[in-house]
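Taking it in order: structure first as structure tokens, then the write-up.
The values are calculated or read from the model by the stated rules, or taken from the named source; none is laboratory data. Quantities reported herein were computed from a predicted structural model and do not represent experimental measurements. Every residue, glycine among them, receives a Cβ derived from its backbone with ideal geometry; neighbour counts consider all protein chains shown. Only protein heavy atoms, including side chains, enter the accessible area calculation; ligands, DNA and RNA are left aside. Shrake-Rupley method; radii C 1.70, N 1.55, O 1.52, S 1.80 Å.
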Amino acid sequence: MSFTVQEVAQLLKQSKENKKPYVFFTGAGCSVKADVPSATGLIQEIHEKFPLQVKNINHEKDKYNYGKYMSALDKDERRRLLKPHIIYNKKINWAHIALACLMQAGYIQRVLTFNFDSILSRACNMLGLHPSIYDFATANPHLYHLINDPSIVHLHGQGTGFVQLNTEDETEKHTEKLGEFVAATLNTNPSLFIGYSGNADAFFPLLEEKYSEQHRLIWTGTKSTIDGLESDSVKKFLKKNNNLTHYIGDTFADDFLIQLAKELDCFPPELFSNPYKFLNQQLETVQPYPLGDGLDILENLTTYLIEQSEKSLTTTLYTAFIHKYSNKESINGLNEHEIDQVMWAYDQQARIYLEEKKHIECQNLYIQALSMCESHVGCINNYGVSLCHIARINNDIDMFVLSVKQFEKSLSINSKYVNSLIGYAHSIIEIAVIKNDEALSQKCFDTYDQVLNLMSNNPDHYANYGACVLLFAIQKQDEGLFHKAVNLIEQAYKLQPENFEHLNNYNGAILSLAYLKNDKNLFDIAFTSINNALEINPERTYNLVCYYSITSQNDLAKDNLFKALSYNTLPNLDHLNTDKELDNIRNEPWFIELLERLKEKEDNKVA
């Protein structure tokens, strides 16, 4: 079984939420775009620079045997071979920038690399992330439990280190020491291999031996299918464990990792979207200038950076790109990846407009983008998401219908695109509530059943499904729907008990059910669970406000409402205006005054 980039993103998100982020294994394929040659490229270079040393090697038979070629060189010759690529080469490619973004966002716990280059650590430092660096060519691998994450582990040494393991004999002896560490890694976290062929050193047999199916393993490669891989051992391994080991073909590190980081909303890094703000944040760690000589260069610079960061630099960057590619003719000659970058720029700028409440500009930008590439699933889906968001603000059924059409268009291209299935379900349930249409609500529920069939262990899907059911349950005041909503949200909490939102949403649902049935036992359950939640997060008092309002304890409702206000944890004004559970306090002068203040504040923000 294979995965799309979008599905890999979902897996990384789940693992992060489960506090078991992925471990990435990287090979030479991650560095080639930074002009660091692959093993095959180095073999060719050895042929050209050291022909006498390798004259006895059968090139046809051993054309992929990197270890044999390196063993024909003495250590000084190896250093001379590698130095221009590893020491003098200061380039940073986008695969490593995207990896750094994923590490910074917590989706990758650790990168284990077979490479000698320092590209990843330089990319991390460039983004303000400073992971721990370990050189396992000289370190004691049995002390792996002392590793501080996020981290980068050089399995075969660093270019600036005293030891680089190159030959078959060197890597084989070293690999024997790594067994415990590799077993612990594979048995503790899911893993993804990228840019690594598995046929250039003695590590892969160890991986094969230690993998015990405790966690999922994803292997990416440039070949379309497993059968096209160069290594017979890798083919056999991936086929043997094909329920838990997954091959993703036609994968090139830079493209794949950028798309993955984009799917997880951690790309581009702030350095590229707002360098002024980014640099100012980095300078926060610098202590105040110590001399009173009138030369406070730190304060001068930070003042300037703050002024510049408040300007709409992000908009300028995206709009410059959009201006360059403004119509279908302008993208003629671009390859698929380049067109994707153009569409992504349009999408990012449209999101900015959405945040700024420039709804017409947002819609027009999506329309312009899709006039250039009408089959771009991500852009179609995000257009649908934006329409649904605008429709919800304005309670506009026609806009919800437009959003549904976008999701349907996306699903006609990829019927299993989970994001579009979810967006479709949420738009449908909004229309169902407005029209009081049970048939439409059932269509929403059927769609979420389809989502759960595709990804049955994702707690967010259960929670979102429950939210849709709860929305219609409140509309219909239907006890059966309330029970269904409670069960779905409870399932989300069971799958992810450390997620406070699931507990909070469960409490809200059980309280609504108690209110409908006027059931003392359910009220007691809700009250106990709400207070348990407040022990975890005392700022989230809104469910307690609803409880006290329903039970006519108005003074306690008022106290907790103003606590939520002070903590900025109140729901939006529309929710406060329509929540039936607040009906007992709705005519209280202090509540009326609060709503008026909130409305004035919201109006001023829009103005």
If you take the residues in segment 200-247 that are among the acidic types (Asp, Glu) and more than 22 Å from GLU180 (Cβ to Cβ), which one is modelled with the lowest pLDDT? GLU230
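Would segment 137-148 turn up any residue that is closer than 21 Å to CYS30 by Cα, of a type in the set (A, V, I, L, M, F, W, C) and open to solvent by less than 20 Å² (accessible area, probe 1.4 Å)?
There is no residue in segment 137-148 that is closer than 21 Å to CYS30 by Cα, of a type in the set (A, V, I, L, M, F, W, C) and open to solvent by less than 20 Å² (accessible area, probe 1.4 Å).
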Answer with yes or no whether VAL182 is β-branched (Val, Ile, Thr) and either without any contact (Cβ under 8 Å) to a residue 12 or more places away in the chain or closer than 23 Å to LYS83 by Cβ (or both). no
Assigned to a helix (DSSP H, G or I), more than 29 Å from LEU143 (Cα to Cα) and open to solvent by 20 Å² or more (accessible area, probe 1.4 Å), is that true of LYS236? yes
Unique residue being in contact (Cβ under 8 Å) with a residue 12 or more places away in the chain and either within 22 Å of the chain's Cα centre (by Cα) or open to solvent by 60 Å² or more (accessible area, probe 1.4 Å) (or both) when the list is GLN406, GLN450, GLN442: GLN450
Extreme residue, nearest to SER31 (Cα to Cα), among residues of segment 56-90 that are open to solvent by 20 Å² or more (accessible area, probe 1.4 Å) and of a type in the set (Ser, Thr, Tyr): TYR88
Among the residues in segment 555-575, are any part of a loop (DSSP other than H, G, I, E, B), out of contact with any helix residue (DSSP H, G or I) (no Cβ under 7 Å at 6 or more places or on another chain) and closer than 23 Å to ASP603 by Cα? yes
Can you name every one of the helices (runs of 4 or more DSSP H) wholly within segment 1-111 that holds 1 or more residues which are of a type in the set (S, T, N, Q) and within 30 Å of PRO497 (Cβ to Cβ)? 5-17, 94-104
In segment 504-522, how many residues are touching a Lys or Arg at 6+ places or on another chain (Cβ under 9 Å) and open to solvent by 20 Å² or more (accessible area, probe 1.4 Å)? 2
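Please count how many residues of segment 456-480 are more than 16 Å from HIS426 (Cβ to Cβ) and open to solvent by less than 70 Å² (accessible area, probe 1.4 Å).
Taking segment 456-480 and keeping what is more than 16 Å from HIS426 (Cβ to Cβ), we get 456-457, 459, 476-480.
Filter once more, keeping what is open to solvent by less than 70 Å² (accessible area, probe 1.4 Å): 456, 459, 476, 478, 480.
Final tally of qualifying residues: 5.
Would you call PRO84 without any contact (Cβ under 8 Å) to a residue 40 or more places away in the chain and under 20 Å from the mean Cα position of the chain (by Cα)? Before the answer, list the steps.
Details: without any contact (Cβ under 8 Å) to a residue 40 or more places away in the chain: yes; under 20 Å from the mean Cα position of the chain (by Cα): no.
So PRO84 does not fit the description; no.
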Identify, please: which residue in segment 12-29 is open to solvent by less than 20 Å² (accessible area, probe 1.4 Å) and out of contact with any Ser or Thr (no Cβ under 8 Å at 6 or more places or on another chain) and is, among those, farthest from GLY378 (Cα to Cα)? SER15
State yes or no: is LEU291 open to solvent by 20 Å² or more (accessible area, probe 1.4 Å) and either part of a loop (DSSP other than H, G, I, E, B) or at pLDDT below 90 (or both)? yes
Within segment 254-268, is even one residue part of a helix (DSSP H, G or I), of a type in the set (Val, Ile, Thr) and farther than 23 Å from THR171 by Cβ? yes
Take ASN487 and tell me if it is closer than 25 Å to LEU516 by Cα, of a type in the set (S, T, N, Q), part of a helix (DSSP H, G or I) and open to solvent by 10 Å² or more (accessible area, probe 1.4 Å). yes
Can you name every residue in segment 576-607 that is open to solvent by less than 100 Å² (accessible area, probe 1.4 Å), part of a loop (DSSP other than H, G, I, E, B) and out of contact with any Pro (no Cβ under 8 Å at 6 or more places or on another chain)? ARG586, GLU588
Name the pairs whose Cβ atoms lie under 9 Å apart, with the first residue in segment 142-158 and at pLDDT 95 or above, the second open to solvent by 80 Å² or more (accessible area, probe 1.4 Å), and 6 or more positions between them or separate chains? PRO150/GLN104
If you check GLU361 against the conditions, is it part of a helix (DSSP H, G or I), more than 21 Å from the chain's Cα centre (by Cα) and at pLDDT below 90? no
